[in-house]
Amino acid sequence: MRVLLVEDDPALAEEIAHALRAEHFAVDIAGNGIDALHLGDTEPYDAAVLDLGLPGLPGLSVLSGWRENGRALPVLILTARDGWSDKVAGFKAGADDFLVKPFRTEEVILRLRALVRRSAGHAAPRITCGPLTFDTQLGHFELDGLPLKLTAFEWRVLSALILRKNKVVDRGELLERVYEYDGAGDSNSLEVIVGRVRRKIGAAMIETVRGRGYSLIEPA
């Protein structure tokens, strides 16, 4: 899962980013509304965390711009304003959820996981594919009922695949969800990561679709 974090307070941004990365999220940070609008329009994020009080361009304008440009990524708004009118304005602009400052980073993580899960079309918090289970609330994988130990890159690949199980995930899309904006990933490194995941869950569960990408399927 790759997240755009838009927050102009550097200390708060680093605190949230650190917590998200500890849970295996890939995180890009934008400190102003102009950069946020550009990144949200050009990068394939699974979700965005958006502060309203931003320099350069207000948060609501950023959100409206994304929606007008056809960007449907789930957006969690962070704000110091707890008035009903501010929430109404946010939802009208296209927000999916609201969190008022101060907040706990654990709640940001839980809400993001729920937004990403629902945007991928899953109502239940636990997603299964054969012997593999992904608990989206906790961010944990199990194989045959036992915890599955994954690196951050392996987790990002497998979460992207299980959220779209039985569908082909394009190689380029998967690569962009594994690495952050300034990451140095390429298709060779992606193949190495996919190979490691195959060894952990069973090679037959990840099908290579030549010329396109990968698909997580239930074993026969």
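The values are calculated or read from the model by the stated rules, or taken from the named source; none is laboratory data. These numbers were taken from a predicted model, which means no experiment stands behind them. A quick note on method: Cβ atoms are made from the backbone with ideal geometry, for glycine too, and the neighbour counts reach across all protein chains shown. Accessible surface is based on the protein model in full, side chains and every heavy atom, while ligands, DNA and RNA are left aside. Shrake-Rupley method; radii C 1.70, N 1.55, O 1.52, S 1.80 Å.
Can residue 130 be described as in contact with a helix residue (DSSP H, G or I) (Cβ under 7 Å, 6 or more places away or on another chain) and either surrounded by fewer than 19 Cβ atoms within 10 Å (Cβ to Cβ) or without any contact (Cβ under 8 Å) to a residue 12 or more places away in the chain (or both)? Write out each step before concluding.
Details: in contact with a helix residue (DSSP H, G or I) (Cβ under 7 Å, 6 or more places away or on another chain): yes; either surrounded by fewer than 19 Cβ atoms within 10 Å (Cβ to Cβ) or without any contact (Cβ under 8 Å) to a residue 12 or more places away in the chain (or both): yes.
In short, yes.
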Mind counting the residues in segment 1-35 that are open to solvent by less than 40 Å² (accessible area, probe 1.4 Å), small (Gly, Ala, Ser) and assigned to a helix (DSSP H, G or I)?
4
If you go through segment 135-154 one residue at a time, do you hit one that is in a loop (DSSP other than H, G, I, E, B), on the phi > 0 side of the Ramachandran plot and of a type in the set (D, E, K, R)?
yes
Output for Cβ contacts, cut-off 7 Å, separation at least six or different chains, first residue assigned to a loop (DSSP other than H, G, I, E, B) in segment 200-220, second of a type in the set (Asp, Glu), reads 212/170; 217/207
Residue count, segment 121-135, condition modelled with pLDDT under 95 and closer than 19 Å to residue 2 by Cβ, comes to 2
Residues being in contact with a helix residue (DSSP H, G or I) (Cβ under 6 Å, 6 or more places away or on another chain), assigned to a helix (DSSP H, G or I) and under 20 Å from residue 160 (Cα atoms): count how many of those fall in segment 36-48.
1
Among the residues of segment 151-159, is there at least one that is more than 20 Å from residue 23 (Cβ to Cβ) and open to solvent by 70 Å² or more (accessible area, probe 1.4 Å)?
no
Please work out if residue 180 is open to solvent by less than 60 Å² (accessible area, probe 1.4 Å), at negative phi and at pLDDT below 95.
yes
Residue 46 fails exactly one of (1) closer than 23 Å to residue 156 by Cβ; (2) crowded, with 22+ Cβ neighbours inside 10 Å; (3) of a type in the set (Asp, Glu); (4) without any contact (Cβ under 8 Å) to a residue 60 or more places away in the chain, namely (4)
Of the residues in segment 49-104, those that are charged (D, E, K, R), under 23 Å from residue 114 (Cα atoms), open to solvent by 20 Å² or more (accessible area, probe 1.4 Å) and outside any loop (DSSP other than H, G, I, E, B) come to 67, 86, 87, 92, 97
How many residues of segment 29-45 are touching a strand residue (DSSP E or B) at 6+ places or on another chain (Cβ under 9 Å) and at pLDDT 95 or above? The answer is 11
Would you pick out the residues in segment 65-98 that are of a type in the set (A, V, I, L, M) and touching a Ser or Thr at 6+ places or on another chain (Cβ under 8 Å)?
72, 73, 93
State which residue pairs qualify: first residue among the hydroxyl-bearing types (Ser, Thr, Tyr) and inside segment 100-111, second residue part of a helix (DSSP H, G or I) and open to solvent by less than 70 Å² (accessible area, probe 1.4 Å) in any location, beta carbons under 9 Å apart, and separation of 6 or more residues or different chains.
105/16; 105/19; 105/20
